[in-house]
Amino acid sequence: MYELEKDLGAKFTEFAGWELPLYYSSITEEHLAVRKTAGIFDISHLGKISIKGKEAYDFLQYIITADISKTLVGSGTYTLICNEQGGIIDDEIIYHTEKDSYLVIPNASQVTQVLDWFRKHAESQLYIKDLTSELCLIALQGPNSGSILEQAFDERPEIYKRYSIRTTEIEGNVLTIARSGYTGECGFEIFCRRETASIVWERILSIGAKPAGLGARDTLRLEMGYPLYSKDLSYDTSPIEAGLERFVSFEKGNFIGKAALYKQSLEGPKRKLVGLVIDKGIARQGKVMAIDREDEIGVVTSGSYSPILRKGIGMAYVKAMNARVGEAIRIKDGKKMYTGRIARRPFIKVSSSCLRGGC
C-alpha cells in the first residue's frame, strides 16, 4: 500500500509507528470530496484483535462499558474499555462476526495496551490473537460511497445497516465489509488480506473515490465532534466527562470501572468535554481557556479549521459550571488571544443516506 500511495503523491507522516499519508493533494480538498462525493482512506494502522471461545461474551461484558447482549452475529457496537478508576484505556468498535467470535478494532496507539489488558483478565480457554499486521483496512466514505461499493464489488449497500458486518467473496478474494466510519458520512470499512488490499484500493479509485489522508480524517471527525484517543480521551478522562455516558450500561451487571463511573454519574463530573467555535484563528491542543483574563476554565484538547464552516473549531475540557452552550471564551496562544464560544456537537449536519435510503 505504501508504494501505491507514494505513486499518488502522498505526503507521509509518522503515527504510532506507522508511515501514514497525511494528504495527497490538500487536506481541504480531500475533506470536501468526502463531504460532497466520496473519499478512500487506508486505515490499516487501526488494530484488529480476534477474540474467540465460549467465554468470549462474558469476558467482553466484563471488560467493556457497553452492553453487547443485543449485538447479534453480523452486527457491532461502539464501546469503551476503562480501568478500575474509570479512566479510558481505549475506545473501539466490537463486531460480533460469528458464534462465540468477536473482532475488536482498537486505536493504533493503544493496540499493545488493549492486548495486555485482555490477556491480564482473560480465562485460559479464551483465544486472543492480534491480526493487525495480517489484515488491511480500507475506508470508503461519502454520499456516493453506496453507489461505488455496488459498482466495485456488486454489493447491495441497502442491506448494510449501521455497524453491520458481513463477509463476501469477490473474484476469489474474501472481503469483510462493515457499515461504519469516522467521518459522519455514509460509508463502509473493508477488511481484507494484505495481498488483496491493492485490488480493493485500485478498484475503488477507478470508480471515482478520491484518496484522502490522515489530515482530512482528523478534520472530518472534528466537524462531527467525535473524540480522538490521545487527544480528547485518555487514562485521565472518563466516559462521563467525555459525554459518552450513553455507551456505559450500568444495568448489564459488573464490569471494570463500574463503581467509579457510577459514583461520578451520580455526583456529576467536575469537568466536561465541550465543542468550541473560534471567531478567528485556530484553537491548538494544550492551550488554556478562560472566560476572562484571570479565570481559567479549561484546556483545549483538539482544534483545527473546518472547511465546511470556514472557521476554527475544537474541543476542550472545561469546568462543569462553565460548560454552557454559548458561553464566551478566550484562548491564549503565546502573544495571541483568540475569542470564541462553547458550541454544540456535532458542528455540522450530514445526511445518513447514500443510496436508496439503505444507509
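Sorted by mean Cβ packing within 10 Å, highest first, what order do the peptides 213-226, 311-324 take?
213-226, 311-324
Specify whether the C-alpha gyration tensor of segment 128-269 places it in the rounded, prolate or oblate class, a ≥ b ≥ c being the square roots of the eigenvalues: rounded for a/c under 1.5, otherwise prolate if a/b is larger than b/c and oblate if not.
Note, shape of segment 128-269 comes out prolate.
Convert each backbone phi in segment 315-323 into a coupling constant with the Karplus relation 6.51 cos²θ - 1.76 cosθ + 1.60 (shift: θ = phi - 60°), then list the ³J(HN,Hα) values in order as whole Hz, x for Gly and Pro.
9, 7, 8, 10, 4, 3, 5, 9, 7
Which distance in Å, rounded to a whole number, links the C-alpha centroids of segment 303-343 and segment 112-152?
Result: 34 Å between the Cα centres.
When a/c reaches 1.5 or more, the comparison of a/b and b/c decides; with that in mind, is segment 236-359 rounded, prolate or oblate per its Cα gyration tensor?
oblate
If each DSSP helix of 4+ residues adds -39,500 (n - 2.57) and the sum is divided by the residues in the chain, what number results at 222 nm, nearest 500 deg cm²/dmol?
For the chain, the value works out to -6500 deg cm²/dmol.
Where the centre of each part is set by its Cα atoms, how far does segment 155-194 sit from segment 37-105, in angstrom?
Taking the Cα centre of each part, segment 155-194 and segment 37-105 sit 16 Å apart.
Say the cut-off is 26 Å between C-alpha atoms; which of Lys231/Lys349; Lys11/Lys36; Lys231/Lys332; Lys54/Lys263; Lys258/Lys319; Lys52/Lys258 go over it?
Correct reply: Lys54/Lys263.
Over segment 1-158, what is the mean sequence separation of C-alpha contacts under 8 Å (at least six apart), divided by residue count, expressed as relative contact order in percent?
Relative contact order, segment 1-158: 28 percent.
Given a Förster radius of 45 Å and the C-beta distance between Lys70 and Lys332 as r, what FRET efficiency does 1/(1 + (r/R0)^6) yield to the nearest 0.05?
In this case the efficiency is close to 0.45.
Take the alpha carbon gyration tensor of segment 69-122, find the square roots of its eigenvalues, order them as a ≥ b ≥ c, and report rounded if a/c is under 1.5; if not, report prolate when a/b exceeds b/c, else oblate.
prolate
As a test, work out the antiparallel percent of DSSP beta bridges whose residues both lie in segment 239-359, rounded to the nearest 5.
100
Please give me the summed charge of the neighbours of Glu251: other residues whose Cβ is under 15 Å from its Cβ, Lys and Arg +1, Asp and Glu -1.
+2
Determine which lysines satisfy two conditions relative to Lys336: a Cα distance under 18 Å, and not lying fewer than 8 residues away in the same chain.
Lys336 reaches Lys280, Lys287, Lys311.
Sort 195-205, 92-102, 249-259 for me by packing, meaning the mean count of neighbouring Cβ atoms within 10 Å per residue, highest on top.
For the peptides 195-205, 92-102, 249-259, the packing ranking is 92-102, 195-205, 249-259.
How much FRET efficiency would the formula 1/(1 + (r/R0)^6) give for Glu14 and Glu251, where r is the Cβ-Cβ distance and R0 is 45 Å, rounded to 0.05?
The formula returns an efficiency of 0.60 here.
Starting from the Cα of Lys120, draw a straight line to each of the aspartates and glutamates and keep only those under 19 Å, dropping any in the same chain fewer than 8 residues away.
Once the sequence-local aspartates and glutamates are set aside, what remains near Lys120 is Glu55, Asp58, Glu84, Asp90, Asp91, Glu92, Asp130.
None of the figures in this text is laboratory data; all of them are computed from the coordinates on show. Keep in mind that this is a model prediction, so the values were computed, not measured. No Cβ is skipped: glycine too gets one built from the backbone with ideal geometry, and neighbour counts run over all protein chains shown.
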